[in-house]
Amino acid sequence: MRTEVVIIGAGPAGLLLSHLLGEEGIESVVVETRSREYVEARVRAGILEGSTVDLLESVGLGERLRREGDEHRGIYLQWPGERHHLDFVDLVGRSVWVYGQTEVQKDLGRAREAAGQEIHYEVSETAVHDVESDRPAVTFLDRDGREVRVEARAVVGCDGSFGPSRGAVPATVKQTWGRDYPYAWLGVLADVAPSTDELIYAWHPNGFALHSMRSEHVSRLYLQVEPDADVGTWSDDRIWDELATRLGHGQDGWQLTPGPITEKNVLPMRSFVMEPMRHGSLFLAGDAAHIVPPTGAKGLNLAVADVALLAPALTALLRKNDERGVDAYSETALRRVWRCTHFSWWMTTMLHTSPDPFDAQLQQSQLRWVTSSSAAARGLAENYAGLPIGF
Ligand code: FAD
Ligand code: PHB
């Protein structure tokens, strides 16, 4: 089989890239190990930067988002006894949207289906070949076990943190950086109206807590836990008690309303960056090239920003044989990647408690600074609400 671009992975990066290429009349084939139902049900990120929303809207993916998503002006930052609102619109003129990754994934799935996009779900043994030539190929076994080979002008690895694309860049060429944090998040989804209008990021001596949401009726909450925490030791009552303590139930009359928990999982916290994001005819985008801890709400937005750069670069290559965009892709994308890597590390280390009492003093000093100095608050707001695509 031959196409113009083979995309490995039908997560947000892969499907959005196929959509952006499709808008330019460029043909692609997408391959994905999981089923469509599985990728659409995977509960992950929940916050979209304004520029992500603008981009989705500009390519016909904004209708349900604007209708069902919830625009937030900012966030609350708190520690025992104090809660402060940072208003991003006042600080930097930009807002963020609450709209789950599951919904982005469903909107993309429907749009690609309507456009007749070729997507092979439930494949196995995906392998990348000949990336140092201009006729790279991807082979895989389709869901019926048949061997398939697709040749193209470019292969894009949008296959997340565990896919094979990263490994197709030779060790002599690539450089990686990373950090494993000494804590994890216990994430829960609950069928209860959020107890807050905007997200609450809470520093507490027992550990960090975050109150997020998915809709008027569904709350998403997180607790800092040990990296090897066993979900089985976290009963629903224990989770709600700990959330109440860390989020300040009773503080100035604020109440956390508990409800039925429908999902619980432990998420490891990692930073990872790989350079370059292009090797020959292979390009990497999203979690395939970089991972951030979720405290800055950047993972999904970074994946969108990568493919927003890559789609016009591949279009120029394929339509005009103009290589300038693809040549600049890695360096341009990495500028934003490192900015978000720093911001996510900074938010993480400011808010998660460690056994070291010196850290706690520095964290509280930083929290006071970002909630009392408008210069500091604007720095946080500019990063959280998102720098323009192409920054
Ligand atoms: P992914 O969404 O990971 O998509 C990659 C796709 O490639 C997957 O569908 C995968 O099945 C497929 N794939 C893998 N290997 C192969 C192969 N060999 N062949 C074909 N296909 C393959 N961010 C937040 O802001 N908040 C959160 O709470 C949050 N929770 C997360 C929880 C988890 C468990 C993970 C992994 C990430 C979470 N993130 C969160 C980050 C955010 O969801 C990611 O940054 C975002 O999904 C990146 O999109 P992507 O398309 O690059 O990668
Ligand atoms: C979420 O709603 O899942 C969410 C929100 C903000 C974060 C991380 C996760 O920083």
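Observations on the model:
- Given charges at beta-carbon only (K, R positive; D, E negative), |dipole| of region 1-128 in Debye: 260 debye
- Listed residues MET274, VAL192, PRO227: farthest to the positive end of the dipole of region 180-293 (Cβ charges): MET274
- Backbone geometry of region 260-268 corresponds, through the Karplus equation with coefficients 6.51, -1.76 and 1.60 at θ = phi - 60°, to 3J(HN,Hα) couplings of x, 8, 9, 7, 9, 8, 9, 10, x Hz, x marking Gly and Pro.
- Here the sum of -39500 (n - 2.57) over DSSP H runs of 4 or more residues, divided by the residues of the chain, equals -11500 deg cm²/dmol at 222 nm, to the nearest 500.
- Shape annotation for region 153-252: C-alpha extents along the principal axes are 58, 30, 27 Å, from largest to smallest.
- Sulfur and carbon atoms: percent of accessible area, the chain [1.4 Å]: 49 percent
- Extension gain for GLU68-ARG146 works out to 24.0 nm (0.36 nm per residue, less the C-alpha to C-alpha distance).
- Charge tally in the Cβ shell below 13 Å around ALA193, where Lys, Arg are +1 and Asp, Glu are -1, ALA193 excluded: -2
- Taking the three principal axes of the alpha carbon atoms in region 71-156, the coordinate ranges are 61, 31, 28 Å, sorted in descending order.
- Degrees separating the helix 324-351 axis from the principal Cα axis of the chain, which is the longest one: 20 degrees
- A Cβ-based charge dipole, computed about the Cα centre of the chain with Lys and Arg at +1 and Asp and Glu at -1, lands at about 600 debye.
- Cβ-Cβ distance of ASP87 and GLU118, R₀ of 56 Å, FRET efficiency by 1/(1 + (r/R0)^6): the value works out to about 0.80.
- Annotation: for a label point projected 7 angstrom from Cα along Cα→Cβ of THR262, residues of region 213-231 with backbone N closer than 12 Å are 214-220.
- With all protein chains kept in place, the per residue accessible area of the chain amounts to 42 square angstrom at a probe of 1.4 angstrom.
- Cα lying deepest toward the dipole's positive end in region 145-277, options VAL173, MET213, PRO258, charges on Cβ: VAL173
- Projecting the Cα positions of GLY296, LEU314, HIS249 onto the charge dipole of region 233-350 (unit charges on Cβ atoms of Lys, Arg, Asp and Glu, taken about the Cα centre) puts LEU314 furthest along the positive direction.
- Along region 360-377 the Karplus relation, 6.51 cos²θ - 1.76 cosθ + 1.60 evaluated at θ = phi - 60°, assigns HN-Hα couplings of 4, 5, 5, 5, 5, 5, 5, 5, 5, 5, 5, 9, 10, 9, 5, 5, 5, 4 Hz to successive residues, with x for each Gly and Pro.
- The HN-Hα couplings worked out from phi for region 168-185 by the Karplus form 6.51 cos²θ - 1.76 cosθ + 1.60 (θ = phi - 60°) are 7, 8, x, 4, 6, 9, 9, 10, 10, 9, x, 8, 9, 7, x, 8, 9, 10 Hz, whole numbers, x standing for Gly and Pro.
- Overall size of region 2-105 from C-alpha positions, given as principal axis extents largest first: 61, 27, 21 Å.
- Debye intensity ratio in log₁₀ form over the Cα atoms of region 241-314, taken at each q of 0.17, 0.18, 0.19 Å⁻¹: -0.79, -0.83, -0.88
- For region 1-59 versus region 285-323, the spacing of their alpha-carbon centroids is 11 Å.
- Measuring spread by the Cα atoms of the chain yields a radius of gyration and Dmax of 21.3, 65 Å.
- Size of electric dipole in region 208-357: Cβ of Lys, Arg +1 and of Asp, Glu -1, about Cα centre, debye, nearest 20: 700 debye
- Spatial separation of Cα centroids for region 342-391 and region 204-254, in angstrom: 21 Å
- Set of region 50-76 residues, backbone N closer than 16 Å to the point 7 Å along the Cα-Cβ line of LYS320: none
- Using 0.36 nm per residue and subtracting the Cα-Cα separation, the extra length available between SER354 and ARG270 on full extension is 28.6 nm.
- THR257, THR349, ranked by accessible area, largest first (probe 1.4 Å): THR257, THR349
- Once the Cβ-Cβ distance of VAL231 and ARG42 is raised to the sixth power relative to R0 = 22 Å, the FRET efficiency obtained is 0.85.
- At an R0 of 30 angstrom, the distance between the Cβ atoms of ASP191 and SER161 translates into a FRET efficiency of 0.55.
The values are calculated or read from the model by the stated rules, or taken from the named source; none is laboratory data. On a predicted model such as this, the values are computed, not experimentally measured, just so you know. Quick reminder, even Gly has a Cβ in these numbers, built from the backbone with ideal geometry, and neighbours come from all protein chains shown. What goes into the accessible areas is simple: the full protein's heavy atoms, side chains included, and nothing from ligands, DNA or RNA. Shrake-Rupley method; radii C 1.70, N 1.55, O 1.52, S 1.80 Å.
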